[in-house]
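Student: What follows is a single structure, and I will ask about it in a moment.
The values are calculated or read from the model by the stated rules, or taken from the named source; none is laboratory data. Keep in mind that what you see is a predicted model, and the values were worked out from it rather than measured. In this analysis, Cβ positions are derived from the backbone assuming ideal geometry, glycine residues included, and neighbour counts consider all displayed protein chains. For accessibility, only protein heavy atoms count, side chains too; no ligands or nucleic acids. Shrake-Rupley method; radii C 1.70, N 1.55, O 1.52, S 1.80 Å.
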Amino acid sequence: VLQVVKTNLATTVESSSGAYATVLTSSTITLASASNYLLCFASYNIKLRGNGTTSTPEVYIQLQKADNTALCTNFLYFDLLTNTANRIDMAGCMIGYYTPGSTSEAPLVQYKADQGAIQFKGTDNVSGSGSISSITVVEIEA
């Protein structure tokens, strides 16, 4: 392991859009060699919401390379028992491993809500419990 870079989500964000949007981008990591590997961890603390429109929110979260190539995709679905105003809190993690082929890289996390809405908690919205959504990138020598 040559270096570790961690970036926390500073501000809580929410989306009900069916199009992918970037929620979190890693600080740019400058690799010692273009042949080295990156091990990426994206952890998230989220709320799934019916958003007043559905009792079955469906959302996607993707860990991606800087060129928007998906490393890992999580599909999350929950039945809010017919109440479109309900929400469910949950946390999770995604992991990706690759060689970027260059000495500068900034992996990212994107999200979308095909039904309902998704909220990512940032440092402004964690009060003693739960975790902050973040991305950690580790450079590993080839």
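Student: Would you be able to tell me the number of residues in the range 22-32 that are open to solvent by less than 40 Å² (accessible area, probe 1.4 Å) and farther than 18 Å from residue 12 by Cα?
Tutor: 2
Student: Please verify whether residue 74 is in a strand (DSSP E or B) and under 30 Å from residue 34 (Cβ atoms), treating the condition exactly as stated.
Tutor: Against the criterion (in a strand (DSSP E or B) and under 30 Å from residue 34 (Cβ atoms)), residue 74 qualifies.
Student: Taking the condition touching a residue at least 24 places away in the same chain (Cβ under 8 Å), open to solvent by 50 Å² or more (accessible area, probe 1.4 Å), at negative phi and part of a strand (DSSP E or B), does residue 6 pass?
Tutor: Taking the combined requirement at face value, the residue satisfies it.
Here is a yes/no grid of residues against (1) at pLDDT below 95; (2) more than 22 Å from residue 141 (Cα to Cα); (3) in contact with a helix residue (DSSP H, G or I) (Cβ under 6 Å, 6 or more places away or on another chain); (4) among the acidic types (Asp, Glu):
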position	(1), (2), (3), (4)
5	no, no, no, no
10	yes, yes, yes, no
19	no, yes, no, no
22	no, yes, no, no
29	no, no, no, no
35	no, no, no, no
38	no, no, no, no
50	yes, yes, no, no
80	yes, yes, no, no
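Student: Give the residues of the range 35-90 that are among the β-branched types (Val, Ile, Thr), more than 18 Å from residue 25 (Cβ to Cβ), crowded, with 16+ Cβ neighbours inside 10 Å and free of Cβ contacts under 8 Å to residues at least 60 places away in the same chain, sorted by residue number.
Tutor: 59
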